[in-house]
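This structure is in structure tokens; I'll ask about it shortly.
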């Protein structure tokens with residue numbers, strides 16, 4: 001079945017550690033996105049990519065990094081520079097620019 | 001910056017009633033989308049409406065778009081307990097066709113059986 005797979009579903013991190021969240025899609029979509037969601041809040045855009053080897057900062061990119069070396073993969077690294085990383089992270093992809101988004105099931109990161 | 005803002009933030013209705021939620025945005029758009037999120041899950045796409053469209057239907061869902069007022073509404077008719085979820089609008093407002101999609105804060109809908 002086609003879709004987006006995020007892993008891990010739950011992740012615990014100690015302060016000062018970098019962690020990488022995986023996002024893989026087999027939908028052959030060009031565009032991929034990372035969003036952050038805090039409890040009871042909407043989604044805030046971290047990074048997005050319209051094509052392989054290219055990505056743009058969203059509204060809250062500080063403390064995060066991404067790569068897009070393959071069309072199907074868009075990993076997100078939460079660095080130690082992110083001061084409040086505890087959140088629910090959602091990855092999405094779309095066939096067309098700003099078109100319908102297909103979401104993964106999310107990764108919940110908790111900093112201990 | 002949040003381009004889409006939903007209203008109300010929370011809505012509680014009885015099964016069988018209609019639910020209406022609204023979304024406002026600030027700059028011109030190419031399209032506006034509505035999504036649903038069950039608690040702790042990823043979002044699911046409901047409807048996309050383009051800037052040159054005024055109304056769109058999908059099953060029990062009806063979406064309207066008023067570009068002069070920079071607003072959209074989502075109507076769920078004959079609601080069911082299973083419609084309990086959060087609903088978000090998303091726009092490419094102000095993206096300059098970069099593909100950037102911005103979500104609003106969402107409306108939490110509770111449908112009581």
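Here, each number is a calculation from the coordinates, and none is a lab measurement. Note that the structure is predicted; figures quoted are calculated from it, not measured. Note that each Cβ is placed from the backbone with ideal geometry, even for glycine, and that neighbours are counted across all protein chains shown.
Report the Stokes-Einstein translational diffusion coefficient (µm² s⁻¹, integer) for chain B, Rh taken as the Kirkwood radius over Cα pairs, at 25 °C with viscosity 0.890 mPa s. Could the numbers behind the result be given before it?
Numbers: Rh = 14.0 Å.
Estimated via Stokes-Einstein, D reaches 175 µm²/s.
Please report B:21, A:32 as a ranked list, fewest other C-beta atoms within 10 angstrom at the top and most at the bottom. Numbers along the way, then the final one.
Numbers: B:21 23, A:32 29.
Final ranking by Cβ density, sparse to dense: B:21, A:32.
Which whole number gives the average count of other chain Cβ atoms within 10 Å of the Cβ atoms across peptide B:34-42? Kindly include the intermediate steps, with their values, before the conclusion.
Working: counts 0, 5, 0, 6, 0, 0, 5, 6, 13.
For this peptide, the per-residue mean of nearby foreign Cβ atoms is 4.
With the contact rule set at Cα under 8 Å and sequence spacing of 6 or more, what percent relative contact order holds for chain B? Walk me through the numbers on the way to the answer.
Details: 290 pairs, mean separation 43.5, N = 113.
Over chain B, the number comes to 39 percent.
I've got another one for you. What's the extension gain from residue B:69 to residue B:30 if we count 0.36 nm per residue and subtract their Cα-Cα distance?
Details: separation 39, 0.36 × 39 = 14.04 nm, distance 1.48 nm.
Contour length minus Cα-Cα distance gives 12.6 nm.
Please express the shape of chain A as an equivalent ellipsoid: the semi-axes are the square roots of 5 times the eigenvalues of the C-alpha gyration tensor, given largest first in whole angstrom.
On the way: eigenvalues 97, 39, 34 Å².
Result for chain A: semi-axes of 22, 14, 13 Å.
Summarise the partner chain shielding of A:81-92 as one whole number: the mean count of Cβ atoms from other chains within 10 Å of each residue's Cβ.
On the way: counts 0, 0, 0, 0, 0, 0, 0, 3, 0, 5, 1, 5.
Per residue, the average neighbour count from other chains is 1.
Pop a pseudo-label 7 angstrom from the Cα along the beta-carbon direction at both residue A:53 and residue A:38 and give the gap in nm to one decimal.
Result for the modelled spin labels: 3.8 nm.
In addition: Partner chain Cβ atoms within 10 Å, averaged over the residues of A:95-106 - can you pull that number for me?
On the way: counts 0, 1, 8, 16, 8, 8, 10, 4, 7, 3, 3, 5.
Per residue, the number of nearby Cβ atoms from other chains is 6 on average.
Further, regarding this structure: Would you mind computing, in nm to one decimal, how far apart the modelled labels at residue A:80 and residue B:9 are, each placed 7 Å from Cα along Cα→Cβ?
3.6 nm
If you don't mind, there's one more thing I want to ask. For the protein assembly as shown, what does the convex hull of the Cα positions come to per residue, in cubic angstrom? Don't skip to the answer; put the middle values down first.
Working: hull volume 26.9 nm³, N = 225.
Cα-based convex hull of the protein assembly as shown, divided per residue, equals 120 Å³.
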